[in-house]
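Participant: Please see the structure below; I have some questions.
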Amino acid sequence: MTGTRSLAGRVRILGGHSSSVVGAGIQLTSDLVLTCWHVVDDGTGAGPPGVLVDTPSHPGTRVAAEVTWSRGVGPAGDGDLAVLRCATPLPSAPATLADRGDDEFDVRIVGFPANTPASVMVLARAVGPVDGGTGWRQLDRISPATAGIDRGFSGSGVYAPDGAVVGMVLARASVGQQLVGWMLPVGQWRALLPSGLLPPALLPSGPLAAVARATPRTLSFAQKMALARLLEEIPVLRHPDSRQLVIQSLPPHIGRMVNPFGPLGLDMFGLIRTALEYEDGIAALYRVLLLTEGPTSRPLRAFRDLAESLGLLTGTEDNR
């Protein structure tokens, strides 16, 4: 790990009356920061509070920020994301992003555990493939003699030896005597973040364009599952009778290929898988749901946002 580059894009998030450090974030652009929702959520249920952010290169320059977008991720919402928009541009450079796939390598992570006088750097190893059910990747503690990923690391960037951010710390758990962490790899970000909040590297013309371009037939299992789980939250699809009406309202060439007689989760995954077989499948499904649920349905808006970020919707379907 010697000779590594600086960890560009690190952000401290401060909140509460004393403006103490509550967690970490990753600078995506001059004014956008990616973190975890639970880092900025004060637990009162009153909505996302305003926070302050600063960077290691300019620790005395605190910038006000507000949550501009958030969502749960994982099969049961076990993880959560939030994007902060800063009131003024940050005086530091954004992170360099890289998708390293399933390569195994050592990483560095800087967090802010409670009751420590300074930040704590953890050395870990990105191991194994991306999990098919969550889209997450495991981070293993290198040695029991070193610090492990614990509370205070949520939202931290995961840095490869060359200084590029390859993921964000999303969750951790104790497994036996070991602390195990998980990151959300950069390769999954485009599928989850709204198109208007994507950093340049993840845009179709950016350096990660080859990774970012997803077509219906190249979506990962995790991306298909994410779409299906959002469908499970839409009321009209939760009951078998109304579910059948939705399917009957699809174009005949799509509707006749759907067999909705299983458990809800299985039905929704089958519906997504079938719709993806047709160029107009997801758009047709969305239009039917728009007619039945209406444009104010929060679950439907969440489905639309993810489908748009995957390139399955164009943003014009609401006007048809």
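Bear in mind that the values in this text are calculations on the coordinates, not laboratory data. This is a predicted model, so every value here is computed, not measured. We place every Cβ from the backbone using ideal geometry, glycine too, and count neighbours over all the protein chains shown.
Participant: Label points 7 Å out from Cα along the Cβ direction at residue 87 and residue 142: separation in nm?
Facilitator: 4.0 nm
Participant: Relative to a virtual label point 7 Å from the Cα of residue 150 in the Cα→beta-carbon direction, which members of the range 113-129 show backbone nitrogen distances below 18 Å?
Facilitator: 113-125
Participant: Next question. How much of the pair distance distribution for the range 105-194 lies past 17 Å, counting alpha-carbon pairs only, in percent?
Facilitator: So the pairs more than 17 Å apart make up 45 percent of the total in the range 105-194.
Participant: Counting other C-beta atoms within 10 Å, which of 303, 105 has the fewest, and how do the rest follow?
Facilitator: In order of increasing Cβ crowding within 10 Å: 105, 303.
Participant: Separate question: How large is ³J(HN,Hα), in whole Hz, for each residue of the range 53-66 in order, when computed from phi with the Karplus curve 6.51 cos²θ - 1.76 cosθ + 1.60 and θ = phi - 60°, using x for Gly and Pro?
Facilitator: For the range 53-66, the Karplus curve yields 10, 8, 10, x, 6, 9, x, x, 9, 9, 10, 5, 9, 10 Hz.
Participant: Per the Debye formula with a single identical scatterer at each Cα and no solvent contribution, what log10 I(q)/I(0) holds for the chain at q = 0.10, 0.13, 0.14 Å⁻¹?
Facilitator: The Debye formula, applied to the Cα set alone, gives -0.60, -0.96, -1.08.
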